[in-house]
1. Sort out which residues of region 47-105 are polar (S, T, N, Q) and modelled with pLDDT of 85 or more, and write them in order of number.
2. Does region 114-124 contain any residue that is modelled with pLDDT of 85 or more, under 18 Å from the mean Cα position of the chain (by Cα), closer than 19 Å to GLU12 by Cα and assigned to a helix (DSSP H, G or I)?
3. Going by what's in this entry, would SER8 be described as modelled with pLDDT under 85 and in a helix (DSSP H, G or I)?
4. If a residue has to be open to solvent by 20 Å² or more (accessible area, probe 1.4 Å), modelled with pLDDT of 85 or more and farther than 23 Å from ASP72 by Cβ to count, how many in region 17-46 make the cut?
Amino acid sequence: MHRIEEMSGRSEHNLWWSIRSSKSGDEAREKLQSCLKHIVGVHSWEKDRNFKLIKKCAFHPATHVARVPLLDPKKGAFKALEALINSKSVMDQIGRISPDIGTSEVEGFNHLAGIHAPKDHYFSEKGHDLRSRVTILRHNSAQ
């Protein structure tokens with residue numbers, strides 16, 4: 001379970017990095033797809049025709065973990081992540097998200113608030129305050 005949580009956090013961080021560090025929708029798409037290469041231990045792909053802008057891993061070499069894959073590309077977990085990232089809806093939407101985040105950042109924050117302090121539950125004032133602080137910390141850690 002810890003491994004799944006770790007990968008989920010990394011995937012969320014990689015999604016935000018792909019958007020924030022890109023100058024175009026095409027660049028954001030390729031960066032997000034390059035995350036799939038990174039997690040299976042591939043850090044250079046000059047001959048891959050699917051990539052026109054990004055030809056090598058943009059992550060710091062220290063994160064290459066001695067080039068050991070984080071996921072096995074033949075296993076179901078990787079295939080599910082690959083299918084999600086390469087889905088038409090994700091690829092279409094990532095190209096339309098503002099690199100300056102704008103409303104996207106607000107939407108992301110509100111999503112986290114819905115997880116940590118959902119509106120359909122009553123919390124004491126102190127409980128709501130603490131849950132809001134957790135939301136803020138989690139949101140800021142993804143920046």
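The values are calculated or read from the model by the stated rules, or taken from the named source; none is laboratory data. Not measured: the values here are computed from a predicted model. Counting neighbours? That spans all protein chains shown, and the Cβs are built from the backbone with ideal geometry, glycine included. Keep in mind that these areas ignore ligands, DNA and RNA; they rest on the heavy atoms of the full protein, side chains included. Shrake-Rupley method; radii C 1.70, N 1.55, O 1.52, S 1.80 Å.
1. Answer for region 47-105, where residues must be polar (S, T, N, Q) and modelled with pLDDT of 85 or more: ASN50, ASN86, SER87, SER89.
2. Yes, region 114-124 contains at least one residue that is modelled with pLDDT of 85 or more, under 18 Å from the mean Cα position of the chain (by Cα), closer than 19 Å to GLU12 by Cα and assigned to a helix (DSSP H, G or I).
3. Spelling it out, SER8 is indeed modelled with pLDDT under 85 and in a helix (DSSP H, G or I).
4. 4
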